[in-house]
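Take a look at the structure set out below.
The values are calculated or read from the model by the stated rules, or taken from the named source; none is laboratory data. Computed from a predicted structure; not experimentally measured. Note that we place each Cβ from the backbone using ideal geometry, even for glycine, and neighbour counts take in every protein chain shown. Just the protein is used for accessible areas: all its heavy atoms, side chains included, with ligands, DNA and RNA removed. Shrake-Rupley method; radii C 1.70, N 1.55, O 1.52, S 1.80 Å.
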Amino acid sequence: MNSTLDLEEVLALVASKVADALGTEACFVYLYDERANELVLRATHGTGVEEMTKRPRMRPGEGITGAAAADRAPVMIPSQAHLDPRFKQFTNLPEDDYESILAVPILAREQLAGALNVRTLEPREFTQDEIELLVAIADQVAQTIQHAQLYAQAQSRVAELEALAKISEAVSESLYLEESLEAIVKTTMEAVGATGAALVLEDGNIAWPEGRPGAHNVRLPLRWKRRQIGELVCDRDTPFTDEERALLASIAHHAAVALEHGRAVMRGVLAQEIHHRVKNNLQTVASLLRLQARAPGTDPRKALEDSVNRILAIAAVHEVLTEQREEVVELRELLERLRAMLVQGLAAGKEVHAKLDSVSIAGNRATALALVFSELLQNALEHGGNSVRIELAQKNGQVVLAIADDGEGIDGDATGTGLSIVRALVRDELQGRLELSSKDEMRAEVTFPT
């Protein structure tokens, strides 16, 4: 189960290996969809599901496997399982061919992550040892599923960033609105495997329709300064997932930005500024990735997660500049966005307090500060104690950013890719200084002129 991080491969291996381990003819693996409160069949061994687009679903408590999930306890029926009053029939899943069933919940840190069952064609009384074995396997499966889901989320973020980078590149390279809209539509189709897509402008005109209609359709508004300026329309033969809808919403947001910027470019206002900003951001991303690649003994997965956080920090600066349409950035708003992003993924069980004064700096320095803040806060959340404190103030023409935690801390000579990035950015981009101390608490303080 640790041989791959791809979720579909993991689930298929789980179904196969569990059936082998218990000597059964079939195994079914369900994952729990918390938003829909449903168990969704994701992998089978020993029998197939006709029309897998219509995956069998049931709520906890429905069916024999749903009962195991709801009760957080194994359920074993040695024979004629299909006659049990809890049995739930699916038209595209021939489960009534099997006599016995042993179902157990998949729990991750006492939270429901799914359920699995094994089936036999002949009656079989599973022993207590076999039941305990399947429970132990389910515990291991839970951890594997969590790792695969984290990997899938990281891959999804990378795919989203790549799609949005293509849109930014198309906007920055072209001085003509029509070319930008064409690139957005084509990128949208590539990102979600659509059969067709189009941008419908506020006057009703359709810009650059591509492909053909599909059985399923998504229409997302293009909004600019609380005003709808058009729609992004996307078609496909198969349903859109929640993740794909979220990606299309991001594309629609950037498409709205591109549309307004493109119009401004046609008026000769913002062409050079957009080109310069996007080019600098892409160059910064490339430099960070090269630095990460040269770091010795780096764990690939950790490197990927760190790189994603750095790219998202740059994206947050770009988003603030885009929304405000100003050349200065309000640091309190920017740091709150970055704090929410990092705390959500790293601060389980930790207290994070912030005291942020209103401080504004030039947009061309905000990217450097965003990267510095992300590196220092991530370090505190990963390696510090249970309490983290963030401070931002402006004193005597100096901006002071401090991050402290109640952990053991690191000394001023500490090395590592993250701290190397911080020191270089503070010195070269902010013309400031970094001070690390661990006398009573671990404290990293950055001071630079406004």
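Annotations
Quick grid of which residues meet (1) at pLDDT below 85; (2) closer than 27 Å to residue 315 by Cα; (3) among the polar types (S, T, N, Q):
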{"site": "205", "(1), (2), (3)": "yes, no, yes"}
{"site": "226", "(1), (2), (3)": "yes, yes, no"}
{"site": "231", "(1), (2), (3)": "no, yes, no"}
{"site": "235", "(1), (2), (3)": "no, no, no"}
{"site": "248", "(1), (2), (3)": "no, yes, no"}
{"site": "257", "(1), (2), (3)": "yes, yes, no"}
{"site": "270", "(1), (2), (3)": "yes, yes, no"}
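- Taken over region 96-123, residues that are over 35 Å from the mean Cα position of the chain (by Cα) and free of Cβ contacts under 8 Å to residues at least 60 places away in the same chain amount to 7.
- Selection count, region 421-433, where residues are open to solvent by 40 Å² or more (accessible area, probe 1.4 Å) and not in a loop (DSSP other than H, G, I, E, B): 5
- Sole residue being outside any strand (DSSP E or B), among the basic types (Lys, Arg), modelled with pLDDT of 90 or more and over 18 Å from residue 11 (Cα atoms), chosen from 35, 86: 86
- Test result for residue 53, in a loop (DSSP other than H, G, I, E, B) and at pLDDT 90 or above: no
- Taking region 319-366 as the range and being closer than 18 Å to residue 391 by Cβ and modelled with pLDDT under 80 as the test, the residues that pass are 342, 343, 347, 350.
- Residue 66 vs. criteria of a type outside the set (Phe, Trp, Tyr), open to solvent by less than 50 Å² (accessible area, probe 1.4 Å) and at positive phi: no
- Enumeration of residues in region 124-144 that are touching a residue at least 40 places away in the same chain (Cβ under 8 Å), surrounded by 13 or more Cβ atoms within 10 Å (Cβ to Cβ) and not aromatic (Phe, Trp, Tyr): 124, 130, 131, 133, 134, 135, 137, 140, 141, 144
- When the strands (runs of 3 or more DSSP E) confined to region 195-252 are screened for residues that are surrounded by fewer than 16 Cβ atoms within 10 Å (Cβ to Cβ), in contact with a Leu (Cβ under 6 Å, 6 or more places away or on another chain) and of a type outside the set (Val, Ile, Thr), none reaches at least 1 such residues.
Let's see how each residue does on (1) in a helix (DSSP H, G or I); (2) touching a residue at least 12 places away in the same chain (Cβ under 8 Å); (3) under 25 Å from the mean Cα position of the chain (by Cα):
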residue: 365; (1), (2), (3): yes, yes, no
residue: 368; (1), (2), (3): yes, yes, yes
residue: 377; (1), (2), (3): yes, yes, yes
residue: 385; (1), (2), (3): no, yes, no
residue: 388; (1), (2), (3): no, yes, yes
residue: 391; (1), (2), (3): no, yes, no
residue: 394; (1), (2), (3): no, yes, no
residue: 399; (1), (2), (3): no, yes, no
residue: 403; (1), (2), (3): no, yes, no
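- In region 213-238, the residues that are under 21 Å from residue 203 (Cα atoms) form Cβ pairs under 6 Å with partners that are assigned to a strand (DSSP E or B) and small (Gly, Ala, Ser), at six or more places apart or across chains, as follows: 222/230; 233/198; 234/197.
- For region 5-37, a residue qualifies if it is within 22 Å of the chain's Cα centre (by Cα) and surrounded by fewer than 18 Cβ atoms within 10 Å (Cβ to Cβ), and the qualifying residues are 5, 6, 8, 9, 33, 34, 35, 36, 37.
- Here region 89-103 is the region considered, the condition is being acidic (Asp, Glu) and either modelled with pLDDT of 95 or more or touching a helix residue (DSSP H, G or I) at 6+ places or on another chain (Cβ under 8 Å) (or both), and the residue that is surrounded by the most Cβ atoms within 10 Å (Cβ to Cβ) is 95.
- Condition met for residue 106 (touching a helix residue (DSSP H, G or I) at 6+ places or on another chain (Cβ under 9 Å) and not in a strand (DSSP E or B)): no
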